[in-house]
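The values are calculated or read from the model by the stated rules, or taken from the named source; none is laboratory data. Note that the structure is a prediction, hence the values are computed from the model and not measured. Here the Cβ positions follow ideal geometry from the backbone for every residue, glycine too, while neighbour counts run over all protein chains shown. Accessible surface is based on the protein model in full, side chains and every heavy atom, while ligands, DNA and RNA are left aside. Shrake-Rupley method; radii C 1.70, N 1.55, O 1.52, S 1.80 Å.
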Amino acid sequence: MNRIAIAAFAAFAVFWAGGAFAQQQDFSKVEVKTTDLGHRTYMLEGAGGNVTFAVADDGIIMVDSEFAPMHDKLKAAIEAVSKQPIKFLVNTHYHGDHTGGDESFAKDGVVVVAQENVRNRLMVGTANGLTGAKTPPQPAGALPTKTYKDTLVLDLKGRKADLKHMVASHTDGDTAVYFADANVLSTGDIVTLGRFPNIDFANGGSIKGMIASVDAYIARSNGTTKIVPGHGPLSAKADLVQYRALLGAANDRVAKAIADGKSEDD
């Protein structure tokens, strides 16, 4: 699909809202909600993207870190469940509402893990494809220190997290995290429920990639899989099927509009 189609689809969303939202949010009023997903695995909802964490016998694997001011509240919510140290923090992609707390968690001794493109985006800075707004390079202490290309397994005592690069989807560095023993899948912003999906087309995202990734999530899920979306409530395979239909319908409608001679403004 060409740039007009991608831009039109991206324009449905509150695109790259992380920075603007962070500036107007009063984080002191945010309360973190903890949901027990079973088998020592949990979902946290605060300000920014959803967080998943899994407790092992010797540590914790965490997925995403929300906005920077949420560090203390997220840490307290995790400590209320387990006193084990956080060993790994996985970034599902580079956006600030999912990586803002990385630097503070790294100072706590946590190893930040991401697909290699995430580190590159954070290191050099990025630009918003719709507005041109620029996000500056992040300091060295905020960069992932462990990266991978295609797949990676994080292994603690009694727990594993399977990481897979979902190519050219929401961004060019998306990671799906699957905890097989709990049947929990963290999708990052490839899946955002209760809001329009968005595509960071200026930084490697594509509608075809989004659809292919959701198809892969559906294939990997079953009737008892717990889906932690990038934003929105805890979900199930049936929700993924509905979301996939939304993506397909949006893609088809934009493609038809282009075929009918509509402009990007139209």
* **Accessible-area order (highest first, 1.4 angstrom probe) of the listed residues D181, D150, D97** => D150, D181, D97
* Asked: Can you give the Rg to Rh ratio of the range 103-260, both from alpha-carbon atoms, with Rh computed by the Kirkwood formula?
  -> 0.99
* Asked: Where the accessible area of the range 43-118 is counted over protein heavy atoms with a 1.4 Å probe, how much of it, in %, is carbon and sulfur?
  -> 47 percent
* Please report, for the Cα atoms of the range 129-193, the Rg to one decimal and the Dmax as a whole number; what are they, in angstrom? -> 14.7, 46
* Asked: Peptides 204-213, 124-133: what's the order by average Cβ count within 10 Å, highest mean first?
  -> 204-213, 124-133
* D (Stokes-Einstein, µm²/s), Kirkwood Cα radius, the range 169-261, 1.306 mPa s at 10 °C -> 117 µm²/s
* Asked: What accessible area, in Å² to the nearest ten, does a 1.4 Å probe give for S28?
  -> 90 Å²
* Output the relative contact order of the chain, whole-number percent, from Cα pairs under 8 angstrom with separation of 6+ residues. => 19 percent
* In whole percent, what relative contact order does the range 138-179 give with Cα contacts below 8 Å and a gap of six or more residues? -> 27 percent
* Asked: Percent relative contact order of the range 118-266, based on C-alpha pairs within less than 8 angstrom and at least six residues apart?
  -> 17 percent
* Asked: What's the center-to-center distance, using Cα atoms, between the range 74-134 and the range 40-61 in Å?
  -> 13 Å
* **For the range 216-255, the fraction of alpha-carbon pairs in successive 10 Å shells from zero, as %** => 28, 49, 21, 2
* Theoretical ellipticity at 222 nm over the chain - DSSP helices of four or more residues, -39500 (n - 2.57) apiece, nearest 500 -> -9000 deg cm²/dmol
* Asked: What does the accessible area per residue of the chain come to in Å², with a 1.4 Å probe and no ligands, DNA or RNA counted?
  -> 43 Å²
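Kindly state, to the nearest 0.05, the FRET efficiency for D36 paired with R195, given R0 = 22 Å and r defined as their beta-carbon distance. Display every interim value, and only then the final one.
Working: r = 25 Å, r/R0 = 1.12.
Calculated transfer efficiency: 0.35.
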* Check cross-link reach from K134 to the lysines: straight Cα distance under 16 Å, and skip same-chain residues fewer than eight apart. => none
